[in-house]
Structure formats: structure tokens, C-alpha cells
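Okay, so here's the structure we're looking at.
Bear in mind that the values in this text are calculations on the coordinates, not laboratory data. The structure presented is a predicted model; accordingly, all values stated were derived computationally and were not measured. Every residue, glycine among them, receives a Cβ derived from its backbone with ideal geometry; neighbour counts consider all protein chains shown.
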Amino acid sequence: MKNIVILISGGGSNMAAIVKAAQTQNWKSQFSAQIAAVISNKADAAGLAYAKEQSIPSLFIDHKAYASREAFEADLMQQIDTYQPALLVLAGFMRILGTAFVQRYEGRLLNIHPSLLPAFPGLHTHRRALEAGCQLVGATVHFVTPELDHGPIVMQSAVPVLAGDDEAALSARVLATEHVIYPLSVRWFVEGKLRVEQGRVRQVDGASQVLM
Ligand code: GRF
């Protein structure tokens, strides 16, 4: 069984979209893949409650209880490794991860970022895109490398900026596309359909890696 471990910090809507895809598409029997655990660094993350409702093993690890990032990550890695994950999924996990952590899971560590990378790494992507006068924004699923919001791009969604859009409206429109491209990217990974070649990701069936 290929275990998928998902890290969250908040609403967990991307995590929930992945869980739903796994359930409705029967990933267990189709690809021998399951969501093995959901881990949050916030006790009150709505996503944690959802995971519990779905009977998915869920864990809270408080980063504030540790003297250093290294100590937090060492414990986090220990917890993650009890599930021997084939894939570790960052879904709105709002902690910057150190090099040791990233290197441990490199090649089996995915993130979603709400911008068309390499534009707008970091926070407040929608506000910055509006300020820059962007006509097109989106989200990116990518393999994680030590550099923040960087790494081989699995899939991107593109949405237009509409007249009158504010940060909230834009963020909601992009988030809806995240719920499509993240489950699909995760599914491709567990199906063994992604190849990383010279820093670029190829879907072996030639499926489109763009959602417009
Ligand atoms: C998403 O916009 C994701 O791209 C970003 O944080 C947000 C998380 O939303 N990294 P949710 O917790 O999945 O609802």
C-alpha cells in the first residue's frame, strides 16, 4: 500500500479535495494508495476535524512547543516516518521547511502554491498579483526543493482576473481550481505517471498539465 501523508495548517480544503478524490475514485483498489495520516501544526485547524470525521489518523504537532525549527522538524519527520509515506503532501502547511527535511522527502514531496510560479513565491500572492495588474493568475503544484516555492512544476491552473476582483474573490476563484489540480497531481504521482527530467515534469501519458 502506498501511504500518503498530508500536512496542513488551516482549513484543509485541498486536503479534503484529495481525500474525496481518493474515496470516489477508489484509489485503494485502483492504485493501492491511501491517505494514511493528516498532520497539522495548528490545534484548531478545521482540516483536522474533517480528517477525524473521515476516520483518517490525525495528529497535531505544535511547532511552538519546540526550541528550534530543527527540533520541531526532527519530531515531525519521526511521526511522518511511522507511516512510511510513498508521498508527502503539503496542503496549506504554513511552515517553511529546512533543507534536511526537504532532502529526506525529495522526489516524494509535493506542494501547492496559489500563484503561477515562478511569479509570486511567498505570501499574499493574490494581493501582489492585483497590485501588479496581472490579467491572469493561478496555482501551481510542484515538487518541493530546498528553495521556497520552487521546484519542478507538475501542473498549473490559470484563471482570469475580472473587473472588480478583490483579494478574496480572486483567492476563492483560484482555490476552486486548486481542488482540481492537486488531487489529479497526487493521483498521477501514486499511479507512477510523473517523470522528472532535467528539472521538468512530464506526465507519461501526455495528459495536459494545465487547467484553463
Ligand atoms: C491554498 O490557497 C494553498 O494554495 C495555500 O494555502 C491555501 C490553503 O488552503 N498554500 P486550504 O487549507 O487547503 O483550504
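Quick check on the exposure proxy: order 31, 60 from fewest to most C-beta atoms within 10 angstrom.
Details: 31 18, 60 13.
The fewest-first ordering by Cβ neighbours comes to 60, 31.
Per DSSP helix of 4 or more residues, -39500 (n - 2.57); summed, then divided by the residues of the chain. What does that give at 222 nm, rounded to the nearest 500? Could you put the intermediate results ahead of the total?
Details: 7 runs with 77 residues, N = 212.
Result for the chain, helices only: -11000 deg cm²/dmol.
Quick one: among 51, 129, 172, which has the greatest mean-square fluctuation in a GNM of the chain with alpha-carbon springs under 10 angstrom?
Highest fluctuation of the listed residues: 172.
Quick one: grab the alpha carbon gyration tensor of region 43-133, order the square roots of its eigenvalues as a ≥ b ≥ c, and give me rounded if a/c is under 1.5, else prolate or oblate depending on whether a/b is larger than b/c. If you can, show how the numbers build up before the last one.
On the way: a/c = 1.77, a/b = 1.48, b/c = 1.19.
Taking the square roots of the gyration eigenvalues as a ≥ b ≥ c, region 43-133 is prolate.
Among 87, 19, 48, whose Cα sits farthest toward the positive end of the charge dipole of region 2-87 (+1 at Cβ of Lys/Arg, -1 at Cβ of Asp/Glu, about the Cα centre)?
Value: 19.
In a GNM of the chain with a 10 Å cut-off on Cα contacts, which of 98, 138, 151 has the highest mean-square fluctuation?
Greatest mean-square fluctuation among the candidates belongs to 98.
What relative contact order, as a whole-number percentage, does region 140-189 give when Cα pairs under 8 Å and 6 or more residues apart are counted? Working shown, then result.
Details: 39 pairs, mean separation 16.3, N = 50.
Reported as a whole number, the value is 33 percent.
Give me the dipole magnitude in Debye, nearest 20, for the chain about the Cα centre, with unit charges on the beta carbon: positive for Lys and Arg, negative for Asp and Glu. Present the calculation step by step, with values, prior to reporting the outcome.
Details: 18 positive and 18 negative charges, 92 e Å.
I would put it at about 440 debye.
Indicate, rounded to the nearest 5 percent, the antiparallel portion of the DSSP beta bridges found entirely in the chain.
Working: 15 of 35 bridges.
DSSP beta bridges in the chain are roughly 45 percent antiparallel.
Suppose a student asked you for the relative contact order of region 112-212, using Cα pairs under 8 Å spaced at least 6 residues apart; what percent would you report?
Details: 162 pairs, mean separation 27.2, N = 101.
Once normalised by length, the contact order is 27 percent.
Going toward the positive end of the dipole of region 131-212, with +1 on Lys and Arg Cβ and -1 on Asp and Glu Cβ, which of 141, 157, 198 do you reach last?
198
With a ≥ b ≥ c the root eigenvalues of the C-alpha gyration tensor of region 55-212, is it rounded (a/c under 1.5), prolate (a/b larger than b/c) or oblate?
On the way: a/c = 1.93, a/b = 1.33, b/c = 1.45.
Taking the square roots of the gyration eigenvalues as a ≥ b ≥ c, region 55-212 is oblate.
Just need the Rg to Rh number for region 131-212, please, alpha carbons only, Kirkwood Rh.
Values: Rg = 14.0 Å, Rh = 13.8 Å.
Value, to two decimals: 1.02.
I need 4, 181 ordered by Cβ neighbour count within 10 Å, fewest first.
Ranked by crowding around the Cβ, least crowded first: 181, 4.
Taking other Cβ within 10 Å of each residue's Cβ, how do 113, 179 sort, fewest first?
179, 113
In a Gaussian network model over the chain where Cα atoms closer than 10 Å are linked, find which of 22, 169, 65 has the largest mean-square fluctuation.
Comparing 22, 169, 65 in the GNM, the peak value goes to 65.
With the dipole of region 1-133 worked out from charges on the C-beta (+1 for Lys and Arg, -1 for Asp and Glu) around the Cα centre, which of 96, 72, 116 lies farthest toward the positive end?
116
Over the chain, what is the mean sequence separation of C-alpha contacts under 8 Å (at least six apart), divided by residue count, expressed as relative contact order in percent? List each step's numbers first, then the result.
On the way: 394 pairs, mean separation 40.5, N = 212.
Here the relative contact order equals 19 percent.
Count the net charge of all other residues whose Cβ sits under 15 Å from the Cβ of residue 101, scoring Lys and Arg as +1 and Asp and Glu as -1.
Neighbour charge sum, excluding residue 101 itself: -2.
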